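In what follows, a single structure is set out as structure tokens and then discussed.
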Amino acid sequence: MSRAALPLAAVTVAAVLLSNGDAAVAIGPALAAVAFMALLFAPLRSCVFSLVFLSLIADAPQDNPMSGHWHSPLYALGQVLCSNWSGTFGISALPFSGIDVAGFVLLVRAALSADRARLAAPLRSAAAAFFATVVLLAAAGAVRGGSADAAYWQVRQLAWMPGLIWLSAHALDGESGFLRLSQLIVAAALVKSAVGLWFHFFVALPRGIDSPVILSHSETLLLCLAVALLAARWLERPNAASLRSLLFLPPILAAIWLNNRRIAWVGLTASAALIWNFARWNAGKRALARGALFAVPLAVAYVAAGWQSDAPAFKPVAAARTVISPRRTVQRAGADSSTGAREIENFNLSQTLRLHPLGTGLGHPYEEAIKGPDISADFALYRYIPHNEVVWMLTAGGPIGFFLLWSLFVVGIYLAARSHRFARTPVERCAALASLCAQVMFVIQAWGDMGTQSWSAVWLASAALATAGALAVRTGAWSPAAVAATARRRLV
């Protein structure tokens with residue numbers, strides 16, 4: 001036996017003894033060794049794409065998949081990748097997750113690599129400002145006596161975003177990188193849709209389980225982005241291959257429908273508006289425009305019929321109603337409804353900002369000017385991590401901190417839109433549209449559904465930002481010549 005195998009054998013024996021012979025635990029050290037060697041020696045690009053895909057399909061335990069009624073085969077993957085190992089393995093000395101370990105190793109490899117990620121300068125500066133602001137807000141909160149544990153969980157995933165942007169940029173090497181990333185996103189959405197549909201039809205219905213979701217809140221961005229990618233591909237290049245790819249839409253849309261998240265319909269509507277506005281006029285867009293003209297009367301009738309209804313068939317209309325007239329929805333649904341609780345939460349956030357106009361820093365709860373539903377038994381940090389994390393960032397960072405944090409997405413959206421204008425190929429245009437949609441949907445989910453608390457959503461947002469930055473360089477949308485030409489046109 002080689003010297004390198006001795007530590008592995010010792011760890012395996014210890015795992016068997018401590019787990020009373022659990023086979024899954026026994027093979028864990030060997031699998032971990034193989035994964036670690038792959039992280040060290042496999043091509044960096046392949047490692048990044050693999051980590052992205054595994055992070056997207058994992059059932060993260062903190063997201064409470066299937067409302068806790070069933071654990072899919074992907075739950076164990078979520079325990080290893082997404083949960084802190086102190087909880088997964090019961091060892092307090094391991095306060096980090098598999099994504100932390102893999103991400104750190106890949107960041108070191110990227111820093112030592114001769115290849116450099118090509119990102120537009122404004123995005124690099126915005127990402128650096130983002131990370132610096134998180135660190136400063138943590139320090140400011142600590143000085144004011146904030147909870148370090150709460151501050152950690154407030155930015156658990158968010159603080160990784162600059163690093164994930166950098167890793168994603170290393171993988172996005174030309175059109176092949178954009179294609180591979182889009183394929184992984186659609187494939188992950190199909191995997192999660194299959195798991196959700198299996199749970200609904202073969203677990204929940206036979207057992208009489210009434211689950212509010214078939215997956216979790218966190219899959220909303222993944223499923224909606226996959227729909228946007230397939231639609232953008234067909235509109236930008238309406239050929240036989242893109243038409244066949246639309247066959248992937250029914251299972252994904254079925255999963256969105258059954259997952260019952262109102263924010264999904266808002267995201268899909270925003271994506272449809274963006275894609276329609278930016279996509280070039282061609283045979284596909286003209287055909288869709290003609291079909292839309294005939295569908296307008298039906299759409300108006302559908303909305304009119306379902307505006308006052310809470311029937312499942314009118315879920316998209318209900319989502320629009322709660323966005324347009326939330327107060328009326330609260331009055332109809334009762335004070336204990338989810339919408340009513342979030343209205344109270346938003347008011348309390350506004351009062352917190354009024355009391356702390358420069359921001360509270362991290363680690364501080366919002367002030368409860370009005371007492372809302374007490375959900376501390378299920379979520380002890382509910383006053384530290386509210387649903388509307390856009391307004392929460394304003395209360396935590398004040399106007400200056402808020403600007404520095406969200407300027408990352410202002411820059412990213414601008415670069416994606418500009419890259420679409422400069423794009424020369426359908427792949428580049430689709431990548432720009434997907435980046436736009438992902439960033440806007442991430443902001444929407446952060447506004448309404450704790451979007452920054454999901455590894456899946458943060459990975460997708462980071463990849464979208466990296467796509468915008470890489471496309472801006474590749475297409476010349478942010479080159480010295482392009483910037484100078486734009487300045488000259490404005491002067492004229």
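Scanning the stretch 58-103 for residues that are among the small types (Gly, Ala, Ser) and surrounded by fewer than 18 Cβ atoms within 10 Å (Cβ to Cβ) yields Ser67, Gly68, Ala76, Ser86, Gly87, Gly90, Ser92, Ala93. Taking the stretch 73-122 as the region of interest, the helices (runs of 4 or more DSSP H) fully inside it that hold 1 or more residues being over 20 Å from the mean Cα position of the chain (by Cα) and polar (S, T, N, Q) are 85-88. Scanning the stretch 139-196 for residues that are hydroxyl-bearing (Ser, Thr, Tyr) and farther than 30 Å from Ser72 by Cα yields a count of 2.
Here the stretch 7-66 is the region considered, the condition is being among the polar types (S, T, N, Q) and at pLDDT 75 or above, and the residue that is farthest from Leu460 (Cα to Cα) is Asn64.
Cβ-Cβ contacts under 6 Å between residues 6 or more apart (or on different chains), taken from a first residue in the stretch 84-106 that is farther than 30 Å from His170 by Cα to a second residue that is among the polar types (S, T, N, Q) and surrounded by 17 or more Cβ atoms within 10 Å (Cβ to Cβ), are listed as Thr88/Gln79.
Being surrounded by 24 or more Cβ atoms within 10 Å (Cβ to Cβ) and under 29 Å from Asp310 (Cα atoms): is that true of Ala341 here?
Against the criterion (surrounded by 24 or more Cβ atoms within 10 Å (Cβ to Cβ) and under 29 Å from Asp310 (Cα atoms)), Ala341 does not qualify.
Is it the case that the stretch 122-137 has a residue that's within 30 Å of Ser242 (Cβ to Cβ) and either in contact (Cβ under 8 Å) with a residue 12 or more places away in the chain or crowded, with 19+ Cβ neighbours inside 10 Å (or both)? Within the stretch 122-137, one or more residues are within 30 Å of Ser242 (Cβ to Cβ) and either in contact (Cβ under 8 Å) with a residue 12 or more places away in the chain or crowded, with 19+ Cβ neighbours inside 10 Å (or both). Candidates in the stretch 176-186 are the residues that are farther than 16 Å from Leu465 by Cα and under 16 Å from the mean Cα position of the chain (by Cα); of these, the one that is surrounded by the most Cβ atoms within 10 Å (Cβ to Cβ) is Val186. Within the stretch 415-451, the set of residues being surrounded by fewer than 22 Cβ atoms within 10 Å (Cβ to Cβ), touching a residue at least 60 places away in the same chain (Cβ under 8 Å) and either of a type in the set (Ser, Thr, Tyr) or not in a helix (DSSP H, G or I) (or both) comprises Thr425, Met450. Of the helices (runs of 4 or more DSSP H) that lie entirely inside the stretch 200-282, those containing 1 or more residues that are in contact with a Gly (Cβ under 8 Å, 6 or more places away or on another chain) and β-branched (Val, Ile, Thr) span 219-236, 262-278.
Only a single criterion out of (1) at pLDDT 95 or above; (2) buried (at least 24 other Cβ atoms within 10 Å of the Cβ); (3) more than 22 Å from Gln62 (Cβ to Cβ) is not satisfied by Ala463, namely (3). Criterion first (part of a helix (DSSP H, G or I), among the aliphatic types (A, V, I, L, M) and within 24 Å of Asp173 (Cβ to Cβ)) does Ala138 satisfy it? No.
This table checks each residue for (1) in contact with a Lys or Arg (Cβ under 6 Å, 6 or more places away or on another chain); (2) modelled with pLDDT of 95 or more; (3) of a type in the set (Phe, Trp, Tyr).
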| residue | (1), (2), (3) |
| --- | --- |
| Gly363 | no, yes, no |
| Ile370 | no, no, no |
| Ile375 | no, no, no |
| Tyr382 | no, no, yes |
| Leu408 | no, yes, no |
| Arg421 | no, no, no |
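Just one residue in the set Ala270, Ala279, Ala255 is crowded, with 22+ Cβ neighbours inside 10 Å and touching a residue at least 40 places away in the same chain (Cβ under 8 Å); that residue is Ala255. Condition check for Ala304 on (1) in a helix (DSSP H, G or I); (2) within 24 Å of Gly448 (Cβ to Cβ); (3) out of contact with any helix residue (DSSP H, G or I) (no Cβ under 6 Å at 6 or more places or on another chain): one failure, at (2).
Considering only residues of the stretch 138-175 that are among the β-branched types (Val, Ile, Thr) and within 22 Å of Gly103 (Cα to Cα), which is surrounded by the fewest Cβ atoms within 10 Å (Cβ to Cβ)?
Checking each candidate, the answer is Val155.
Taking the condition crowded, with 23+ Cβ neighbours inside 10 Å, under 18 Å from the mean Cα position of the chain (by Cα) and of a type in the set (D, E, K, R), does Glu236 pass? Considered against the rule, which asks whether it is crowded, with 23+ Cβ neighbours inside 10 Å, under 18 Å from the mean Cα position of the chain (by Cα) and of a type in the set (D, E, K, R), Glu236 comes out as no.
For residues in the stretch 190-215 being surrounded by 22 or more Cβ atoms within 10 Å (Cβ to Cβ) and touching a Pro at 6+ places or on another chain (Cβ under 7 Å), which is farthest from Asp449 (Cα to Cα)? In this case the residue turns out to be Ser193.
The values are calculated or read from the model by the stated rules, or taken from the named source; none is laboratory data. All values reported here derive from a predicted model rather than from experimental measurement. As a convention, Cβ positions derive from the backbone with ideal geometry for all residues, glycine included, and neighbour counts pool all protein chains shown.
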